[in-house]
1. May I ask you to verify whether residue 443 is polar (S, T, N, Q), more than 19 Å from residue 346 (Cβ to Cβ), within 16 Å of ligand 3 (Cβ to nearest atom) and out of contact with any strand residue (DSSP E or B) (no Cβ under 9 Å at 6 or more places or on another chain)?
2. Are there helices (runs of 4 or more DSSP H) fully within the stretch 397-497 with at least 2 residues that are crowded, with 20+ Cβ neighbours inside 10 Å and within 16 Å of ligand 2 (Cβ to nearest atom)? List them.
3. Filter the stretch 536-555 down to the residues that are in contact with a Ser or Thr (Cβ under 8 Å, 6 or more places away or on another chain) and not in a loop (DSSP other than H, G, I, E, B), then identify the one that is nearest to ligand 1 (Cβ to nearest atom).
4. Among the residues of the stretch 376-391, are any within 16 Å of ligand 2 (Cβ to nearest atom) and under 28 Å from the mean Cα position of the chain (by Cα)?
5. From 174, 170, which residue is acidic (Asp, Glu), surrounded by fewer than 17 Cβ atoms within 10 Å (Cβ to Cβ) and assigned by TED's automatic domain parsing to the domain that holds residue 242?
6. Scanning for something at pLDDT 90 or above, within 19 Å of residue 86 (Cβ to Cβ) and exposed (fewer than 13 other Cβ atoms within 10 Å of the Cβ), does the stretch 35-46 turn up at least one residue?
7. Return the pairs, sorted by first residue and then second, in which the second residue is of a type outside the set (D, E, K, R) and surrounded by 17 or more Cβ atoms within 10 Å (Cβ to Cβ), the first residue lies in the stretch 41-63 and is not assigned by TED's automatic domain parsing to the domain that holds residue 20 and assigned to a helix (DSSP H, G or I), the beta carbons are less than 6 Å apart, and the residues are 6+ apart or on different chains.
8. Scan 446, 455, 386 and give me the residue that is among the polar types (S, T, N, Q), in the same structural domain as residue 468 (by TED's automatic domain parsing) and more than 30 Å from residue 183 (Cβ to Cβ).
Amino acid sequence: MAGQSKFRISEEKKRVLLVEDEIVNQEILKEILGDTYEVIIAETGEEALKIIEERYETLSIVLLDLNLPGIKGIDVLGRIKSNPAYVNLPVIVMTSDSEAEVECLMLGAIDFIPKPYPAPKVILARILRTVELSEDRETLRLTERDHLTGLYNKDFFYRYAAQLDLYHKDTPTDAIVFDVNHFHTINDRYGKTRGDEILKLIADKALQFVKENGGIACRSGADTFMIYCTHRPDYQSVMDRLSVCPDGDDSGKSRIRMRMGVYADADKTLDIERRFDRAKMAADTVRDHLTDPIAIFDHSMREEEILAEQLIDDFPAAINEKQFAVFYQPKFNVRGDVPVLTSAEALVRWNHPKLGMVSPGTFIPLFEKNGLIQTLDKYVWSETASKIREWKDRLNVSLPVSVNVSRVDLFDPELPEKLLDIVKDSGVSTEDLLLEITESAYTEKSETVISAVESLRGCGFRIEMDDFGSGYSSLSMLSDMPVDALKLDMLFIRSAFKERKDTRLLEAMIGLAKSFEVPTIAEGVETEEQFLNLKRMGCDIIQGYYFSRPLPVADFERFITENKKA
Ligand code: C2E
Ligand code: CA
Ligand code: CA
């Protein structure tokens, strides 16, 4: 039992609850058990249930006579085993009625001692063994479960999934992954305690589902769950069964939005992790949760998977052979009458020998999953820093350049040191290399990220918050964030200048940025109309095709030389 290790001091004897009304039998068992256990006696079922209720945590085992006055022994057993709080308390039944055996075992009794009693040694050995087994099971239960929800943790889940396969080789199974959309906004809105309760509710539903349908469930991350179950066609109904309401009212009005990825009829020759990777891959294709929150792994994803494998395999050679090229896109300060070139953004491209020019949208998310991004980013930062130095020397231009810092980099405690080394080795300063960090990185694991950002600023680096407005940060959170510039998410520009122009949201965002008293940067600005409007709204810096596309080094050098002349 969980409590035994907590409540029994190790020198104390373990406690047996003996439920027996006949004095002779009480004496016999006390005689047999007394050296090893402290024997607590209950003469009726009522008394036994009361003791269990009060002292459950301190009991190692219950020895239950079936023939009791008052509540029958079998009902006592039923009540213990139907209460989730007590199910793990082992009960050994004692009876002279061999017919009752099966019923008791069905009800959850762990073993049997016939009456008249067998040899004392046999009785003691059985009890010792049962207590030991149930303690082992409890230790296992504690390590294999997620503390919050009681579901399996990921490691054990994978292990049990493999066992299920062994016993059900020919049964088609599904690997299902699901998570809550923007769970942190739920935490923001309802508080962490309620957030935890919601996760528990979801876990309970998942457990209920697998109990009824066959299979196992686990919580694999903060708000991510996995289910391995018998194949079925109706994923929408599975989704409906799993979703809960934030305010606890299950009537269906304000359900929490979830998304789900399914690898249906999973290929059992793949190892179990791979199967769930595929379910995850499907889940990741669900962008617009509002329309269709369920995705099933299909042929096109298989192609994508093959491409991903190839890119990962090719990565080391690509780094060694300098296949990655850094492009630079200028940023202009538009506050004055004439736009002034003020900095640039470094954007990586992969000049792949077989695939041609591959855009970062294809490989960055992939490399963020397996950590390769750290190697790549470091490469891009070094390349950029040495270009900044070169331009100072050769072109007599001192132009700060911003580099992208992946969320993954922020979890590296040596990040500030690595960046300082790069800056020092290239002979530039921390003011030359600006750091762009996407807003969603702040919201995911805000404490770690905020402290990482603070230490970078402490070293003298300036931080631009990228994709501002896309990450669902709460306002209170934003006001605490250490940033030196806000870069509006491109979507605001896109949607403000559609056929039916509506710049209100864009204006509000710029106003919001202003209230934080840091410069605003708009990116993805393509037309003169956009440029003029943004300038009028008070946007400080503009980046986009209107001024220039991201350029390879030689073209960018020409661009800055011409700009210097102008
Ligand atoms: P981002 O940081 O938001 O970069 C802006 C993206 O918008 C770039 O896409 C840029 O080429 C594109 N863009 C700029 N102006 C315009 C415009 O006027 N119209 C349109 N339609 N697009 C414009 P790109 O280069 O494909 O990069 C995509 C994303 O990949 C970047 O988004 C960034 O998140 C990531 N990325 C790029 N280079 C690196 C890198 O070295 N390290 C890391 N960690 N991420 C990078
Ligand atoms: Ca960026
Ligand atoms: Ca951006």
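1. Details: polar (S, T, N, Q): yes; more than 19 Å from residue 346 (Cβ to Cβ): yes; within 16 Å of ligand 3 (Cβ to nearest atom): yes; out of contact with any strand residue (DSSP E or B) (no Cβ under 9 Å at 6 or more places or on another chain): yes.
Criteria met by residue 443.
2. 439-444, 446-458, 490-496
3. Residue satisfying both the conditions and the ranking: 541.
4. yes
5. 170
6. No, the stretch 35-46 has no match at all.
7. Qualifying pairs under 6 Å: none.
8. The conditions single out 386.
The values are calculated or read from the model by the stated rules, or taken from the named source; none is laboratory data. The shown structure was predicted, so the numbers you read here are calculated from the model rather than taken from an experiment. With ideal geometry, Cβ positions are generated from the backbone for all residues, glycine too; neighbour counts draw on all protein chains shown. Heavy atoms of the whole protein, side chains included, go into the accessibility calculation; ligands, DNA and RNA do not. Shrake-Rupley method; radii C 1.70, N 1.55, O 1.52, S 1.80 Å.
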